[in-house]
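Single-structure report; data block below.
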Amino acid sequence: MTVYDIAARLPSIDVLRERCKALAMLDAIVGGDYYAYDREWGEDEAASMRNGSGEEYDVVFTADGVFIRGVYHESSMFTYTDGRLWPGLLDGLPEEFQTQVHEPAFCRQDGTLDATFVLWRRTNDERWHAGDDIDFSPADDDEVDPDGSWLLDILCDDIVAEYIEHAKDVYETDLHPAAVEQIVAFRPLTNAAVRALNPEVELADLREQAEEYGYPTAA
C-alpha cells in the first residue's frame, strides 16, 4: 500500500472532517491520547495523530482545501534519505498549500518538511492527490507499505472496525461496534452513548471537549 492507494480510498472533505472529529471524541470518551482535533489552528482547523513512538500525521483543513502530511519513522523512505524529504512527495502541490510545507510544527530544525507521505485536495477537486510519479524504490524493495500512509487507514470506510481494533490493542478495552458507530456517524452525543463506551464517564464530563472539537451534543 502506498499514498496512491490511500488517495483512492479517502472520503470527501466534509466526511473526513467529521471522521477526524469523531476519532478525537472517541479517544476523549475512552481516555485515549492518540487522536486530537483543534478548531483554532491559526486561521484553520487541524486533526492530528501521535502514537508516542514517532509515528504521526496531521490533517489541516483550510479555506482552500485539505493538506495531509505524515511520518513513519521505520519506513526506509525515512532512513534511506537520512531524514531528508523523499523525492517527488511534493511534486504538483498547489501553491495554496505551500504555507503548510513550511509550517514549523511540521518541519525539522533545518526547515525541511518532516514527512514520508503527503496528500492534498482543494475544495473544488473531485479527488485526492499525491506527488506526481513518486518512485518508491528502493524503499519498496523491502516493504509492502513503504511510505507509512497506512496510518490513514482508520480514516477510510472501515473506521469503526479500525478503531475497535485500535482500542483493544492500545487501550486494552473492548468496544461494542454499535456504540462506536454512533460516534462515527456524528450523531449528537448523549449520556447513553458515552456510557456505552465508558461506564465511568458522563456526558457532563465531556461537553467542554466536545465543544472544542465541534462535535454535537444532545441538549
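The values are calculated or read from the model by the stated rules, or taken from the named source; none is laboratory data. Since the model is a prediction, treat every value here as computed from it, not as a measurement. Neighbour counts are summed over all protein chains in view; Cβ atoms, including those assigned to glycine, are modelled from backbone coordinates with ideal geometry.
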Give the residue, chosen from 135, 145, that is under 23 Å from the mean Cα position of the chain (by Cα) and outside any helix (DSSP H, G or I). 145
I'd like to verify a number: residues in region 166-219 that are in contact with a Ser or Thr (Cβ under 7 Å, 6 or more places away or on another chain) and not in a helix (DSSP H, G or I), how many? 3
Single residue of 117, 186 found to be surrounded by 13 or more Cβ atoms within 10 Å (Cβ to Cβ), among the aromatic types (Phe, Trp, Tyr), touching an Asp or Glu at 6+ places or on another chain (Cβ under 9 Å) and within 21 Å of residue 6 (Cα to Cα): 117
Among the residues of region 104-126, how many are in contact (Cβ under 8 Å) with a residue 24 or more places away in the chain, under 15 Å from residue 85 (Cα atoms) and part of a strand (DSSP E or B)? 4
Does residue 139 qualify as being modelled with pLDDT under 95, among the small types (Gly, Ala, Ser), touching a helix residue (DSSP H, G or I) at 6+ places or on another chain (Cβ under 6 Å) and buried (at least 16 other Cβ atoms within 10 Å of the Cβ)? yes
So residue 146, is it surrounded by 16 or more Cβ atoms within 10 Å (Cβ to Cβ), modelled with pLDDT under 90 and not charged (D, E, K, R): yes
Can you tell me which residue within region 7-62, out of those that are within 21 Å of residue 181 (Cβ to Cβ) and aromatic (Phe, Trp, Tyr), is surrounded by the most Cβ atoms within 10 Å (Cβ to Cβ)? 37
With the requirement that a residue be assigned to a strand (DSSP E or B) and in contact (Cβ under 8 Å) with a residue 40 or more places away in the chain, what does region 57-76 give you? 57, 58, 59, 60, 61, 65, 66, 67, 68, 69, 70, 71
Just one of 130, 178 is free of Cβ contacts under 8 Å to residues at least 60 places away in the same chain and hydrophobic (A, V, I, L, M, F, W, C); which is it? 178
